[in-house]
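Here's the structure we're looking at; comments come further down.
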Number of protein chains: 2
Amino acid sequence: MKQMHSIDYLQQLVAHRLKQEAGKIGQTQPVNLYQPIEYTLNMGGKRLRPVMLLMACDLFGGNVDQALNAAIAVEVFHNFTLLHDDIMDHADIRRNQPAVHKKYNENVAILSGDAMSIMAYQFLIRTETPVIQKITQLFSKTAMEVCEGQQYDMDFENQTNVSIDDYLEMIRLKTAVLIAGSFKMGAQLATAPDADADRIYRFGINLGLAFQLQDDLLDVFADQEKFGKKAGGDILANKKTFLLLKALEMADAEQKAQLEHWINKKDFNPQEKIVAVKKIYTKLNLQEISRQKSDDYYQTALNELQAVEVERNRKEPLILLGKTIMKREH
Amino acid sequence: MKQMHSIDYLQQLVAHRLKQEAGKIGQTQPVNLYQPIEYTLNMGGKRLRPVMLLMACDLFGGNVDQALNAAIAVEVFHNFTLLHDDIMDHADIRRNQPAVHKKYNENVAILSGDAMSIMAYQFLIRTETPVIQKITQLFSKTAMEVCEGQQYDMDFENQTNVSIDDYLEMIRLKTAVLIAGSFKMGAQLATAPDADADRIYRFGINLGLAFQLQDDLLDVFADQEKFGKKAGGDILANKKTFLLLKALEMADAEQKAQLEHWINKKDFNPQEKIVAVKKIYTKLNLQEISRQKSDDYYQTALNELQAVEVERNRKEPLILLGKTIMKREH
């Protein structure tokens with residue numbers, strides 16, 4: 001089988017192509033449609049999903065250059081979802097810059113998002129492969145699921161009976177399927193056997209769930225400097241994360257009353273609310289419980305990867321990527 | 001070559017399939033994502049574009065049943081654009097019913113529109129054809145152009161130097177390319193020669209332009225009962241249609257001053273404004289000039305159709321469709 005590429009190389013491949021495409025897009029008329037797309041694509045980010053697609057392609061000995069259009073498609077789609085989510089969530093800042101609906105306006109954000117979603121398909125369909133219909137079907141199914149995840153996320157805001165299973169299903173749809181779909185598209189482009197493509201998909205699902213649970217945890221417990229964003233945002237927004245749902249499940253009568261007091265309180269000192277809720281989480285040992293849950297998914301992910309029928313050493317970059325995402329040293 | 005189907009038959013084929021799909025969609029979770037899609041697809045409409053796709057397929061002896069998924073894709077896409085346009089244009093009523101952003105809310109309208117755009121691709125990609133990549137590329141190019149048309153339309157609202165050519169290019173993108181693209185996709189699915197596929201595309205472009213110019217005309221001059229919607233809306237909104245742009249071009253100093261007076265006036269009696277502007281249009285003979293312009297495009301469309309290299313009698317349904325759209329008896 002072909003020699004493999006380093007993660008660095010694949011990241012540069014994606015970054016270079018994206019920059020090139022963003023430049024072209026920024027030169028296209030009408031400017032009010034295309035410049036916000038250039039702006040969005042140039043905002044940066046880790047470009048994880050396209051790199052994941054290329055890594056899976058590489059794992060099975062596929063041609064990463066041939067897979068690059070599909071990788072760009074995934075990144076353009078992901079950025080489209082962030083753009084529209086920011087309108088819906090009234091989030092004004094994205095990667096330390098004004099969100100598109102703030103920098104321009106809401107109509108521009110709606111329409112340039114629409115165009116990005118179509119553009120994602122334009123990149124995808126350029127891929128020269130006999131499995132074009134298969135990857136386009138998987139891409140579309142994944143894209144629909146991401147929309148479903150966003151809808152559940154919004155629904156949960158006004159829903160009082162969200163279960164932990166509901167939450168896990170929501171983050172599966174909103175976060176994990178696009179990671180899993182990226183891996184599987186890469187595998188399909190490399191004409192991996194279906195069983196292996198499904199294993200790499202489940203690797204992605206479990207890695208995605210592990211990552212999201214850890215991200216929720218960091219939102220509460222992270223050292224703010226390391227984490228990079230302001231801690232406690234989920235607590236202030238009463239976001240029904242695993243932590244809050246599990247806390248409500250485990251809390252005794254007094255703790256439950258306290259949690260509900262803070263959830264329902266309209267006027268509060270933000271720092272006071274964060275400290276109070278965090279204290280309950282700590283008493284309930286939720287940092288450990290949540291880390292354990294995340295770790296379970298991470299281990300399941302690694303088991304799925306282990307079962308993939310290719311030489312062990314080809315899996316090393318994916319194991320390394322998993323570690324990086326999970327911020328593990330071991 | 002195969003016997004052809006009547007327009008009625010094709011319309012029923014589309015209506016039946018759409019109803020069936022809308023029903024399934026309405027049963028899918030999460031309801032806040034899928035019910036607005038069912039609502040939108042059940043709003044009705046003439047289903048012109050999918051029927052056009054099937055008619056072009058039929059013209060070249062293709063299999064209309066095999067083309068049905070692509071036809072549904074075009075209709076779902078068209079309805080998606082209406083849904084998002086209604087948010088952007090603050091249009092609260094669509095086909096005598098509340099628009100999705102009014103019946104539900106704006107977030108629901110954004111996200112269910114996004115899902116419809118992906119769903120359009122899901123229908124398209126289900127098509128079993130060796131030209132799947134070709135039709136998906138054409139569909140995507142067309143979809144991007146529709147977005148460009150909508151952006152130009154919004155741009156023109158705040159732009160004082162819109163030329164008649166700018167306007168024609170805008171309606172080509174916003175309206176004509178989807179009609180033309182539907183025809184061409186049908187031709188491609190029937191594996192028509194490229195030259196004929198291009199002719200049927202130009203038939204669609206010119207028919208679309210003729211139709212839009214006539215629609216603008218009817219907005220001002222139509223017998224309200226026949227037209228079905230309230231006349232004068234474009235005048236009240238200062239919409240830069242062919243009529244207004246041509247009037248500004250042809251007007252003498254006094255007429256121009258009058259037009260600008262009405263355009264800039266913030267407080268006015270709607271009926272008075274309509275009557276005054278209409279009077280200038282009439283003096284400038286714009287009803288006739290505009291009809292002539294529309295007719296030129298209509299004739300060009302018919303010439304393109306005539307040049308298509310299939311038996312004359314196979315073109316009859318398309319000629320009939322053209323007449324119906326243009327509300328001609330001759």
Taking Cα pairs closer than 8 Å and at least 6 residues apart, the relative contact order of the range A:145-189 in percent is 54
So, for the Cα atoms of chain A, Rg and Dmax in Å stand at 20.6, 63
Against the 2.2 N^0.38 Å rule of thumb, the C-alpha Rg of the range B:1-191 sits at a ratio of 1.04
With +1 at each Lys and Arg Cβ and -1 at each Asp and Glu Cβ, the charge dipole magnitude of the protein assembly as shown around its Cα centre, to the nearest 20 debye, comes out at 100
Rounded to a whole number, the mean other protein chain Cβ count within 10 angstrom for residues of A:88-95 is 1
For the protein assembly as shown, using Cα atoms only, the Rg and Dmax in Å read 27.6, 84
The answer for B:ARG94, listing residues at least 5 apart or on another chain whose modeled amide H is closer than 5 Å to its amide H, is B:ALA99
One computes Rg over Rh for the range A:3-60 from alpha-carbon atoms, with the Kirkwood Rh, and obtains 1.10
In the neighbourhood of A:LYS141 defined by beta carbon distances under 12 Å, the net charge of the other residues (Lys, Arg +1; Asp, Glu -1) is +1
Filtering trypsin sites (Lys or Arg not before Pro) in the range A:78-133 by DSSP loop and by at most 14 other Cβ atoms within 10 Å leaves A:ARG95
At q = 0.17, 0.21 Å⁻¹, the log10 of I(q)/I(0) for the range B:118-201 from a Debye sum over equal Cα scatterers comes to -0.73, -0.94
Lys and Arg at +1, Asp and Glu at -1: neighbours of B:GLU21 with Cβ under 13 Å from its Cβ sum to +3
Expected sort for B:191-198, A:113-120 on mean C-beta neighbours within 10 Å, highest first, is A:113-120, B:191-198
Here the range B:124-134 yields Karplus 3J(HN,Hα) values (6.51, -1.76, 1.60; θ = phi - 60°; whole Hz; Gly and Pro given as x) of 4, 6, 6, 4, 8, 7, x, 9, 4, 5, 4
Ordered by number, the GluC sites (Glu not before Pro) in the range A:122-206 that occupy a DSSP loop and have at most 12 other Cβ atoms within 10 Å are A:GLU128
Diffing the range A:189-206: the Karplus 3J(HN,Hα) column from phi (6.51, -1.76, 1.60, θ = phi - 60°), in whole Hz with x for Gly and Pro, holds 5, 8, 6, 5, x, 3, 4, 6, 4, 5, 5, 5, 5, 5, 4, x, 4, 5
Mean other chain Cβ within 10 Å across A:119-126 is 5
Long-range amide H partners of B:GLY232, meaning residues 5 or more apart or on another chain whose placed amide H is closer than 5 Å, are B:VAL220
Shielding of A:149-158 by other chains, given as the mean Cβ count within 10 Å, works out to 4
Sparse-neighbourhood loop hits (trypsin sites (Lys or Arg not before Pro), the range B:1-68; DSSP loop; Cβ within 10 Å at most 13 others) -> B:LYS2, B:LYS46
Checked against the positive end of the charge dipole of the range A:193-330 (+1 on Cβ of Lys and Arg, -1 on Cβ of Asp and Glu, about the Cα centre), the farthest of A:VAL277, A:GLY204, A:VAL310 is A:VAL277
If each part is reduced to its alpha-carbon centroid, the range A:294-324 and the range B:35-56 end up apart, in Å, by 46
Here the range A:15-25 yields Karplus 3J(HN,Hα) values (6.51, -1.76, 1.60; θ = phi - 60°; whole Hz; Gly and Pro given as x) of 4, 5, 5, 4, 4, 4, 5, 4, x, 4, 4
All alpha-carbon distances of the range A:193-330, grouped into 10 Å bins from 0, give the whole-percent distribution 11, 36, 26, 17, 8, 2
Treating only Lys and Arg (+1) and Asp and Glu (-1) as charged, each at its beta carbon, one finds that the range A:176-330 has a dipole about its Cα centre, in Debye to the nearest 20, of 360
Among A:MET88, A:GLY44, A:LEU178, the residue whose Cα sits farthest towards the positive end of the charge dipole of chain A (+1 at Cβ of Lys and Arg, -1 at Cβ of Asp and Glu, taken about the Cα centre) is A:GLY44
One checks the Cα atoms of the range A:19-128 and finds Rg and Dmax, in Å, of 14.3, 45
Restricting to Cα pairs under 8 Å and 6 or more apart, the percent relative contact order of chain B works out to 17
Here the net charge surrounding A:ALA115, from other residues whose Cβ is less than 11 Å away from its Cβ (Lys, Arg +1; Asp, Glu -1), is -3
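Any read-out appearing in this document is the output of simple, stated calculations on the displayed coordinates, not a laboratory observation. It should be emphasised that the depicted structure is a prediction, and the values quoted were computed from it without experimental measurement. Every residue, glycine among them, receives a Cβ derived from its backbone with ideal geometry; neighbour counts consider all protein chains shown.
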